[in-house]
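Please treat every number below as a calculation from the coordinates, not as lab data. None of the values given here were measured: they were computed from a predicted structure. With ideal geometry, Cβ positions are generated from the backbone for all residues, glycine too; neighbour counts draw on all protein chains shown.
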Amino acid sequence: MKVFIHRKDLRVDDLAAFNYLLESGAPSLHMLILDPSLLGHSRHEAHSGKQFLRYVKRLMNLYQQYDRTLYVVYGEPEVVLERLLQNSPIDEVVLHSDFTPYAKSRDGKLRDVARELGVSFTTFIDHTLADLADFQITSGKSGPYKVFTPFYRKLNTYLQTFYRPSSPIHLSDLSTVNLAHWEDGHRLLELLQTFAPPFSWEDAPQAEDPAEQLDDFLRDHLPYYVERRDHYAYDGTSSLSAAMNAGAISIRKVYEAVMNQEHAAAWVRQLIWRDFYMYQAIYDDNFFSYEKCFDLSALSDRHFERWCSGQTGVPIIDAAMTELNETGRMPNRLRMITAMFLTKNLLCPFTLGEQYFRDKLHDYDNILNRGGWLWSASLGFDASPYFRIMNPVTQSVTHDPSGQYLRRWLPQLMDQNDKQIHLPQAHAIVDIKASRAAAIEVYKHIMRSKQIDGPDSS
């Protein structure tokens with residue numbers, strides 16, 4: 001018997017591990033371990049935790065729909081696995097891996113547990129569009145791509161030749177274990193019950209069906225995506241980021257649904273940006289430690305709380321942070337604007353904003369979130385140049401000229417005219433022009449504080 005452990009793969013089709021399980025012909029016990037390191041300290045009550053648990057609820061319902069059983073437990077993964085392997089005839093652990101430092105450390109502990117108990121340990125990478133290791137080999141480069149545009153062109157070409165299509169294998173094709181019908185299963189059930197979640201979430205609504213969301217986007221929004229994606233008062237995006245980040249929909253099925261559609265190029269480019277951040281997590285040795293590579297001592301948390309609470313006096317910043325705090329949502333254009341305002345105009349360390357978004361974003365993903373913050377802070381591969389600083393007023397006028405978004409989230413500004421509503425208020429905590437000039441000087445010194453050697457930047 002094998003055990004398959006769900007992680008950021010909360011779906012029942014097109015999973016690399018399912019292909020492997022079917023080929024093995026062996027029955028498999030299916031589990032999901034809610035990790036205290038990711039959901040503890042009340043994070044299950046934050047927008048990011050709530051959204052993840054909605055997808056867990058949906059996954060449980062899908063298992064029931066196909067007459068299969070999913071065992072959801074809560075605990076330190078290595079502790080749960082050790083107890084499970086000690087009390088069952090499981091001979092192999094199967095799961096999908098990730099690239100973050102925590103994920104690597106966690107999986108190292110799981111691998112050690114399995115090895116000590118003489119159990120095989122098999123992993124697959126399933127959350128990227130391309131096989132990034134194979135892509136790097138076929139690219140012929142001695143080092144990684146450090147600029148997005150050549151990466152995008154090369155990956156687009158790679159996908160035409162080496163694309164891995166989605167798999168037709170479904171949960172219903174597998175021989176799964178229901179402990180209630182398994183000899184001595186009651187002992188294992190009792191064991192798993194000792195790892196019951198310490199919080200109640202079964203009554204929470206399940207997440208929407210991402211396949212339906214995708215169909216709606218392709219039908220109603222894709223033809224207008226280019227002109228509407230940055231006009232955040234109008235939701236012209238796919239709204240699929242949370243589902244893709246939780247693995248509730250296969251990135252391959254998303255790509256296949258859109259690849260031959262008219263007007264698809266701009267949206268496919270965004271999917272490849274997603275792979276570019278994953279690629280950085282693998283091939284940029286400093287991706288998770290840039291804050292240690294530069295002297296950031298000139299930055300402080302002086303204005304951080306005002307930024308968090310949407311009380312900066314700059315309407316577009318305050319409106320975006322209000323939406324985030326209330327709903328967990330923030331359009332991508334506004335993520336760039338608010339992040340750059342925090343790191344540059346307010347001279348706060350990017351790590352503070354990164355951590356805040358970790359709890360607040362309903363579609364949080366460690367790698368994608370960090371990639372966005374590194375870009376705004378002018379650190380990492382193909383980051384925004386330190387001297388290129390978005391003007392929040394100009395951005396607001398350009399992308400929401402009538403102030404519709406501002407009036408929605410800052411009703412106290414409802415009566416201001418379409419010009420006044422974009423301007424900083426009298427109590428604004430910084431002057432836009434002066435803070436930009438200060439940021440350029442500060443970041444000039446930050447850029448000089450550490451030289452990171454690496455391969456060519458092509």
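Enumerate the amide H contacts of VAL72 below 5 Å, restricted to partners 5 or more residues apart or on another chain; note that Pro and chain-start residues carry no placed amide H.
When sequence neighbours closer than 5 places are left aside, the close amide H contacts are LEU32.
Going by average Cβ neighbours within 10 Å, how do the peptides 130-139, 424-433 rank, with the highest at the top?
Packing proxy ranking, top to bottom: 130-139, 424-433.
Pairs of Cα atoms under 8 Å, at least six residues apart: use those to get the relative contact order of region 259-329, whole percent.
Once normalised by length, the contact order is 13 percent.
Where the centroid of each part is defined by its Cα atoms, how far is region 34-82 from region 185-243 in Å?
14 Å
Which of rounded, prolate or oblate describes region 1-126 when judged by the alpha-carbon gyration tensor and an a/c cut-off of 1.5?
oblate
For the chain, what is the percent of antiparallel DSSP beta bridges, rounded to the nearest 5?
Within the chain, antiparallel bridges account for around 5 percent of the total.
Within region 320-348, name every residue whose backbone N is under 13 Å away from a label modeled 7 Å from Cα of LYS450 along the Cβ vector.
Of the residues in region 320-348, none has backbone N under 13 Å from the label point off LYS450.
Expressed as an acute angle from 0 to 90° and rounded to the nearest 10, what is the orientation of the C-alpha long axis of helix 265-283 relative to the principal long axis of the chain?
70 degrees
For ALA196 and GLN412 in one chain, what is 0.36 nm times their gap in residues minus the Cα-Cα distance, to one decimal in nm?
73.2 nm
With angles folded into 0 to 90 degrees, how steeply does helix 350-360 sit against the dominant principal axis of the chain? Use alpha carbons for both and round to 10.
For 350-360 against the chain, the angle is about 60 degrees.
Kirkwood hydrodynamic radius (Cα pairs, Å) of region 290-448?
15.7 Å
Starting from the amide H of LEU29, placed 1.01 Å from N in the peptide plane, find each other amide H under 5 Å away whose residue is 5 or more places distant or on another chain.
Answer set, sorted by chain and number: LYS2, VAL3, PHE4, VAL177.
Amide H neighbours of LEU10 under 5 Å, counting only residues 5+ apart in sequence or on other chains, H built in-plane at 1.01 Å?
Those lying under 5 Å, H to H, from LEU10 are GLY247, ALA248.
Please give the Cα centre distance for region 253-297 versus region 115-165, rounded to the nearest Å.
So the two Cα centres are separated by 12 Å.
Residue-wise, which Karplus ³J(HN,Hα) couplings in Hz belong to region 333-347, taking 6.51 cos²θ - 1.76 cosθ + 1.60, θ = phi - 60°, and x for glycine or proline?
4, 6, 5, 5, 5, 5, 5, 5, 5, 5, 6, 9, 5, 9, 6
Please state the relative contact order of the chain as a whole percent: Cα pairs under 8 Å, 6+ residues apart?
19 percent
Could you give the length gained on full extension between THR394 and ILE282, defined as 0.36 nm per residue of separation minus the Cα-Cα distance, in nm?
36.7 nm
Is region 356-458 best put as rounded, prolate or oblate by its Cα gyration tensor, with a ≥ b ≥ c the root eigenvalues, rounded for a/c under 1.5, and otherwise prolate when a/b is larger than b/c, oblate when not?
On the way: a/c = 2.60, a/b = 1.67, b/c = 1.56.
Since a/c reaches 1.5 and a/b is larger than b/c, the shape of region 356-458 is classed as prolate.
Relative contact order of region 1-90, please, whole-number percent, based on alpha carbon pairs below 8 angstrom and at least 6 residues apart.
Details: 79 pairs, mean separation 33.8, N = 90.
Rounded, it is 38 percent for region 1-90.
Sort 334-344, 97-107 by the packing proxy (mean of other Cβ within 10 Å over each peptide's residues), most packed first.
334-344, 97-107
Which entry in [x] 22.1; [y] 25.6; [z] 23.8 matches Kirkwood radius over Cα pairs in Å derived from the coordinates of this structure?
Matching the structure shown: [z].
Quick check: from the Cα gyration tensor, does region 87-145 come out rounded (a/c under 1.5), prolate or oblate?
Here region 87-145 falls in the prolate category.
Gap in Å between the Cα centre of region 351-367 and the Cα centre of region 370-422?
Rounded to whole Å, the Cα centres lie 19 Å apart.
Any chance you could give the angle, 0 to 90 degrees and rounded to 10, that helix 315-327 forms with the longest Cα principal axis of the chain?
20 degrees
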